[in-house]
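Down below is the structure, laid out as structure tokens.
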Amino acid sequence: MKKLALLVVALLAVGFAGSALAVEFKFQGDLNNRFMVYTDQAGMFSGSETIKGTPIDKDRVGESWGEIKYRLWVEAATDDGKVKGVYAIELGAIRFGDGSALGGSTKGGAFSGDGINIETRWAYTDFQLPGVASKARFTIGLAPFYVNSFVWQETAMGVQFKSAAGPMDYTLAWVRGRESFNNDPKDSKFEDLDALLARVDLKPVKDAKVGLFALYQRRKPGPDDIAAFTPATHYQVKLLPAVDLALYTFGTDGSWTTPTSFGNAFLNWDLIYQGGTLDDNTVSRNVSAYLAHLDLGANFGKHRLTYTTWYASGDDNRTDGDVKNFMSTDVDRFDSVIFFEGGFLDDNYFTEAPHILDKGLFFNKLALDCKHSNKLSLGGAVLYLQTAKDLTLGAGKTSKKLGTEIDAYLSYKLYANTEIAINAGYLFAGDGMDAFEKKAQQDGKSDADVFRSTARVRYSF
């Protein structure tokens, strides 16, 4: 009874303190239970990038598993919304029965659980500048960061400033991707991987949005710290070693919708150019790359028909002193069940980037989605993919063809905030997939198609 009384007193004290300080608390969660229903190429999805997974095997390596990924976060804000603090933790992705070592303990997925498996997802303070009537907010810490869905859209540590003036929204940000503490007076203080962003979003006409952005990324390691650049494995900015980097990315993105006789038509676009220099301990390289993306579609009744295409430039010569392949920094693409994070196990995928290694990508997808009711949604898609530049295959051959993919999904709401869903993808592999087969099986042609089906039960509050 004494313990219960103490608990009641403590809760009342917290309640009165919250009232006196006029702070509003929100507790939210995303509890995601996920399953690899079946895949016949387990190695293709054993890692989180094309360079980490086990090669494709023509002898068919089948696998199924279950896992959890839970995210919980709390928001504490003043009642006038001028100041807000956010902290989020994440558990996962932990497979059922996974007792592998992690941080001196285990992941906690095997007998008795009790693993070291919690990570910080967000931790930031967001506040409005005092005395300013319009939006003028700073966000400091580990927070969601958006440049463009093909360039950089992930959590990052830094300082962001967002303001509004009439129909325009402005974003200025400094983000540090990697910290290199300087303890040598001869080294540059710019060894860290820093990024500066300026972005403007506006609505020039009704039902249209346009964004303009400029991103500058800089790193200058000391002479004893600079590392070798390997294009085949260092094809995203976050994967780069300690190279001398000066990369600028300019772009525009936007959307437009218009009513028609059969429904609302829509258009989404991205046009991006990258330039700069990338030097390692042996070679100085000029960067010149680009990406162009287009969504064209229509909503009619309960249906949505969308054609998606993009072209990310690739590099066909890794030794000529030029970098011509488009490089994302840190993104998550969900456009394909086989190649991207379209499977519900979005910690196990072939690649998260909108390009394949440093060979770029020519992507095409025709999708039909149907919202049958408030509870039931379903759809399917046909995709065709090839790299922008040739992949090197076995037997001295080359190819760009990755293949034709067919995807389908079904989602049902058990309750307003609880979803059960399943999807599947089948790749009729092109010869270019020979580049990702076991070395002994690489013969210049594809030897195996790929099947993958995933499911989830997701509760959000």
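The values are calculated or read from the model by the stated rules, or taken from the named source; none is laboratory data. Fair warning: this is a prediction, and the values are worked out from it, not measured in the lab. Cβ atoms come from the backbone with ideal geometry, glycine included; neighbour counts cover every protein chain shown. Quick note on the areas: whole protein, heavy atoms, side chains included, nothing else; ligands and nucleic acids left out. Shrake-Rupley method; radii C 1.70, N 1.55, O 1.52, S 1.80 Å.
The Leu202 and Tyr307 beta-carbon pair, evaluated with R₀ = 25 Å, returns a calculated FRET efficiency of approximately 0.40. Pull up the cross-link candidates among the lysines for Lys220, meaning alpha carbon to alpha carbon under 28 Å and not fewer than 8 places away within one chain. Output for Lys220: Lys52, Lys186, Lys189, Lys238, Lys324, Lys359. Coordinate range of the alpha-carbon atoms in the range 174-223 per principal axis, descending: 56, 13, 11 Å.
Out of every Cα-Cα pair that the range 131-261 contains, those further apart than 16 angstrom amount to 70 percent.
Its Cα centre serving as origin, the chain has a Cβ charge dipole (Lys and Arg +1, Asp and Glu -1) of approximately 1260 debye. Of all the accessible heavy-atom surface of the range 246-361, with the other protein chains kept in place and a 1.4 Å probe, what percent is carbon and sulfur? After summing per-atom areas, the C and S share lands at 56 percent. Please report the carbon-and-sulfur percent of the accessible area for the range 69-196; probe 1.4 Å, protein heavy atoms only, DNA, RNA and ligands left out. Roughly 60 percent of what the probe reaches on the range 69-196 is carbon or sulfur.
Cross-link partners for Lys84 among the lysines, with Cα-Cα distance under 24 Å and sequence neighbours closer than 8 places in the same chain left out: Lys26, Lys135, Lys162. Charges were assigned to the Cβ only: +1 to each Lys and Arg, -1 to each Asp and Glu. The resulting dipole of the range 148-231 about its Cα centre is roughly 420 debye. Over the range 255-394, accessible surface divided per residue gives 40 Å², non-protein components excluded, 1.4 Å probe. Counted over the chain with a bin width of 20 Å, the fraction of Cα pairs per bin, in whole percents, is 20, 54, 24, 2. How much length, in nm to one decimal, is gained on full extension between Asp184 and Asp322, taken as 0.36 nm per residue of separation minus their Cα-Cα distance? Taking Asp184 through Asp322 to full extension adds about 46.6 nm, to one decimal. Using a simple spin-label model with pseudo-atoms 7 Å out from Cα toward Cβ, Ile422 and Glu119 lie 3.0 nm apart.
Ranking Asn183, Tyr412, Leu393 by Cα position along the charge dipole of the chain, where only Lys, Arg, Asp and Glu carry charges on their C-beta atoms, puts Tyr412 farthest toward the positive end.
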